[in-house]
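Down below is the structure, laid out as structure tokens.
Laboratory data are not the source of any read-out in this text; all were calculated from the coordinates shown. In this text, all values refer to a predicted model and were calculated from it rather than measured experimentally. Positions of Cβ are backbone-derived with ideal geometry, glycine not excepted, and every protein chain shown enters the neighbour counts.
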Amino acid sequence: MTGVSRLYWDDFRAGQAFELGSRTVSKEEIVRFARAFDPQPFHVDEAAAQRYPYGGLIASGWHTASMVMRMFVDGLLAERAPSMGSPGVDELRWLKPVRPGDTVTLTLHVVETRASRSKPDRGLVIVRHELRNQSGETVMTMLSKGFFPRRPAGAAA
Amino acid sequence: MIYFEDVEPGTVRETGTKTVTADEIIAFAREFDPQYFHLDAEAAKDSMFGGLVASGWHTASMTMRLMVDSFVGDTASIGSPGFDDLRWLKPVRPGDTIRVRSTVLDKSPSQRRPEIGSVRFRTEALNQRGEVVMSLTSIGLYRRRPSAG
């Protein structure tokens, strides 16, 4: 973990923003995910997708959310800020379709932090995830909640 | 074909079942949620879960698959704008069998798009012990019944 500063619950503050990078989604990935988890016609078949009001084949919203999770883990949870689990997410909205070839970029906004009353070793962080496409349009938002450990005594700030 | 007009608040439907394997848990996590307790059964023993567990997003995705297979084809559903109040309540472990129970809460016609309406559901994923492992309030968009003539 060289050169990566570790973040504890104590380091999160409402108003912070984290830029967590971009990824491009291919038609092959869209169809592969949808065949496994969301085989509605507009996610798996270009021709069938024409019968729906989305202008063509689009990614499953669950695929978009899963890509957000991957970017969240890669950018924050894996090394910088390992979490102690999440009770869930709220207010997820799929605002615009994600299409083959789109490049999506994730920004996290810290909304609130709360100390745990029952468990003094951790606290809750509430973040708003904002996923935008290459045209700058917001395609997905959600609020997620995660528990993070509090800085142990003696750990470098 | 179930159109918006045919949806009745209070209706409860259940899907078929899906048994999840360790290989599937690891494959999903490698691609979408590479935290160690979703990837490595040995290392996961020391985690808060005490063993390998599925990513919550994998549980959610399996839930969607069960619903598409069991209900969505019967309906004039055209997708979803999102969901609220998703809670991961209990871990999902290799060998667990999931089924989904869906209860219609309410429905409302779209203000902006008269050809569709919106339906809210309470969606619950249950394991083989009948425990709710995940719940959420799903929102579905349905085509309205085409006018005759």
- Query: Which angle from 0 to 90°, rounded to the nearest 10, does the C-alpha axis of helix A:61-72 make with the longest principal axis of chain A?
  - Reply: 40
- Cβ neighbours within 10 Å from other chains - mean over B:36-49: 1
- Taking only the alpha carbons of chain A, the radius of gyration and the largest Cα-Cα distance, Dmax, both in angstrom, are 17.8, 61
- Note on the structure: Zone reached by a paramagnetic label modelled 7 Å from B:E115 Cα along Cα→Cβ, restricted to the stretch B:130-149 with backbone N below 20 Å, covers B:140-149
- Item | Cα centroid of the stretch A:104-146 to Cα centroid of the stretch B:89-140, whole Å | 23
- List the relative contact order of chain A as a percent without decimals, with contacts defined as Cα pairs under 8 Å and 6+ residues apart. 30
- Average other protein chain Cβ within 10 Å of Cβ, residues B:56-68: 5
- Message: Within 10 Å of each Cβ in A:67-80, how many Cβ atoms from other chains are there, averaged over the peptide?
- Response: 3
- Query: In terms of Cα to Cα distance under 20 Å, which lysines are near enough to B:K18, apart from those fewer than 8 places away along the same chain?
  - Reply: B:K90
- Per-selection Kirkwood Rh - chain B (Cα, Å, 1 d.p.): 16.5
- Neighbour-count order for A:L7, A:L92, fewest beta carbons within 10 angstrom listed first: A:L7, A:L92
- Message: Output the 0 to 90 degree angle, nearest 10, between the alpha-carbon long axis of helix B:56-70 and the longest principal axis computed from the alpha carbons of chain B.
- Response: 40
- Query: In deg cm²/dmol, rounded to 500, what helix-only [θ] at 222 nm does chain A give when every DSSP H run of at least 4 residues adds -39500 (n - 2.57) and the total is split over its residues?
  - Reply: -5000 deg cm²/dmol
- Give me Rg over Rh for the protein assembly as shown, both radii from the alpha carbons and Rh done the Kirkwood way, two decimal places. 0.98
- Query: Could you work out the helix-only [θ] at 222 nm for chain B, with each DSSP H run of four or more residues adding -39,500 (n - 2.57) and the total divided by the number of residues, to the nearest 500 deg cm²/dmol?
  - Reply: -6000 deg cm²/dmol
- With both partners inside chain B, how many of the DSSP beta bridges are antiparallel, as a percent to the nearest 5? 95
- Set Lys and Arg Cβ to +1 and Asp and Glu Cβ to -1, take the dipole of the stretch B:108-147 about its Cα centre, and tell me which of B:P146, B:P109, B:T123 lies farthest positive. B:P146
- Give me the distance between the Cα centres of the stretch B:9-81 and the stretch A:26-81, rounded to whole Å. 15
- Message: Let me check against my output: what whole-number percent is the relative contact order of chain B, with C-alpha pairs under 8 Å and at least 6 apart?
- Response: 30
- Query: Applying 1/(1 + (r/R0)^6) with R0 = 35 Å to the Cβ-Cβ distance of A:D10 and B:R122, what FRET efficiency is obtained, to the nearest 0.05?
  - Reply: 0.45
